[in-house]
1. Tell me, which residue of region B:161-180 that is touching a Ser or Thr at 6+ places or on another chain (Cβ under 6 Å) and open to solvent by 10 Å² or more (accessible area, probe 1.4 Å) is nearest to the other protein chains (Cβ to nearest Cβ)?
2. For region B:219-234, state whether one or more residues are among the β-branched types (Val, Ile, Thr), surrounded by 17 or more Cβ atoms within 10 Å (Cβ to Cβ) and on the phi > 0 side of the Ramachandran plot.
3. Checking B:Ile282 against (1) in contact with a Phe, Trp or Tyr (Cβ under 7 Å, 6 or more places away or on another chain); (2) modelled with pLDDT of 90 or more; (3) open to solvent by 40 Å² or more (accessible area, probe 1.4 Å): exactly one of these is not met. Which one?
4. For region B:62-80, check the following and say yes or no: at least one residue is within 22 Å of the chain's Cα centre (by Cα), touching a residue at least 24 places away in the same chain (Cβ under 8 Å) and more than 14 Å from chain A (Cβ to nearest Cβ).
5. Quick one: in region B:97-111, of everything that is touching a strand residue (DSSP E or B) at 6+ places or on another chain (Cβ under 9 Å) and either within 22 Å of A:Leu50 (Cβ to Cβ) or touching a residue at least 24 places away in the same chain (Cβ under 8 Å) (or both), which residue is nearest to the other protein chains (Cβ to nearest Cβ)?
6. Find the helices (runs of 4 or more DSSP H) located wholly in region B:118-179 whose residues include 3 or more that are of a type in the set (Ser, Thr, Tyr), and list them.
7. Being outside any loop (DSSP other than H, G, I, E, B) and surrounded by 19 or more Cβ atoms within 10 Å (Cβ to Cβ): is that true of B:Gly49 here?
8. How many residues does region A:55-64 hold that are more than 7 Å from every other protein chain (Cβ to nearest Cβ), hydrophobic (A, V, I, L, M, F, W, C) and farther than 17 Å from B:Ala139 by Cβ?
Amino acid sequence: MVGIFIIGILMLVGAVSVVVLRQPVHSALALIGVTIGLAMLYFILQAEFLAVAQVIVYAGAIMVLFLFVVTLLTAGKEEMEAEDTLPGQRWAGIITGLVVGLGLAVVIATHPPAKLSTALSGSFGGLHDLGHQLWGPYFVMLAGVALMLLTGVIGVLVLNRPETVNYKSRLDLPSGVSLVDAEQEGKK
Amino acid sequence: MILEIVVLVVKILLLVAILMGGFAYTMLLERRLLGFFQLRLGPNRVGPGGMLQPIADALKMMLKEDMMPAGADSFVYRLAPVIAGFAALSVDAVIPFGAPIHLLGLTISLDIANPSIGLLLAFALSSLGVYGIVLGGWASQNKYSLLGGIRATAQIISYELAMGLSVMGVLLMSHTANLEGIVLAQKAQGWFWLPQIVPFLIFMVTAIAETNRTPFDLPEAESELVAGYHTEYSGMRFALYYVAEYINMITQSGLIVTLFFGGWLGPSFLPPIIWYFIKVIIAIFVFVWIRATLPRFRYDKLMSFGWKILLPIAFLYFVGTAAFVSGVL
């Protein structure tokens, strides 16, 4: 129980830091901290596979890509504050966040859901249990998600396909000179 | 309870000691072997056969001035080598070094933790190692460091996929992701390197790429990038990157041995743990051998090799193994 609170506080600090820190790389680091904290919460719930999947997918892959982009874009740039285009949005955000958070806390405290007090099954979130769930009762949903992801991947490939360019016309080669000749000319 | 905690602490200390000692002498072994490969002697002056060279190197590293570039991001600059070292050391916690031993009425398994998802945990922890490289490269605020870090990111992300797919066959054949279970499955079914020969080769290639070693050492290609991501590092922080690289090599060797060469299994005239270390040393020798033999890849070739050759082959073999194991074939 103590562990949950410690990790929770660390995650909250991380989550706030993601928003507050000026340097994008620091924000990304804080976000990595939050994902690892979430993985630890899964570990405490003995959902080992979920925890490891969380680390592999989010900390190991998605956040690496985030950092890849952020380091590439912020290298050598001074930290600067973007101009506030919408005055007062900061305060509005803080107040809204507090109100929603407090509301949720009050609701949970006064009406604890029945499921919170029932124990989880022993193999919850483990490799075998999750596998049986996914390939048993939830197979249709799994196939649907797989299809959706596949559509996304194909979409990326189609959108990023290299343009078929007619190099010859672009280079304005004089007639009688082939592309190979021009290439060799360029190499010399 | 207290006895168990004491055993655990002793095991952790032993593991760290073994890995740090292993790092020092793997480095010496590599330098001597590279010397022999290049028809020279390598470092042989300090102590008999150069055996004290690692201690001299460590002293030198500790006494060096620790510098930080003026424009560097001091927090991330200090954090990055620590992440690299942590990720390298922590993976070994789930690799079993030998069959469980019986001591003082206790059964002690020769790994720190033996979770049911040991293999996946090893992957998760080792996938964090890339942060050490990319953050170190970024925090130095040096264009060569940054390019090295960015190259490392793209390379490791690309090769991790093929690596993950290449071990799926082992997982399917042993019906478990527990590393001890995988070794025991190999006791029953024979070592997996033969039925999984293609994934084994892919794992070997990706392991070299993941540890940033020649021929995949583009993140630190000295002909283009000075020293890549650790250009600005000196003293112990620089040493920590070296520690991480060599311990990663030992770890990947350990994973190769555990997944494909039966871990600690072997004829009974030697104890299991000795068999394990013999196999790891052979794997390390192959790593060094490849480094001494092959030149560095070109970057675009590296990318197309990873995505267009390794990944499809690993996937096809994985599907084939799945069909075979489930009895369709």
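The values are calculated or read from the model by the stated rules, or taken from the named source; none is laboratory data. Everything quoted here is computed from the prediction, not taken from an experiment. We place every Cβ from the backbone using ideal geometry, glycine too, and count neighbours over all the protein chains shown. Heavy atoms of the whole protein, side chains included, go into the accessibility calculation; ligands, DNA and RNA do not. Shrake-Rupley method; radii C 1.70, N 1.55, O 1.52, S 1.80 Å.
1. B:Asn178
2. Yes: region B:219-234 contains one or more residues that are among the β-branched types (Val, Ile, Thr), surrounded by 17 or more Cβ atoms within 10 Å (Cβ to Cβ) and on the phi > 0 side of the Ramachandran plot.
3. In the conditions (1) in contact with a Phe, Trp or Tyr (Cβ under 7 Å, 6 or more places away or on another chain); (2) modelled with pLDDT of 90 or more; (3) open to solvent by 40 Å² or more (accessible area, probe 1.4 Å), B:Ile282 misses (1) alone.
4. no
5. B:Ser109
6. Where helices (runs of 4 or more DSSP H) fall fully within region B:118-179 and carry at least 3 residues being of a type in the set (Ser, Thr, Tyr), they are B:143-174.
7. no
8. Final tally of qualifying residues: 2.
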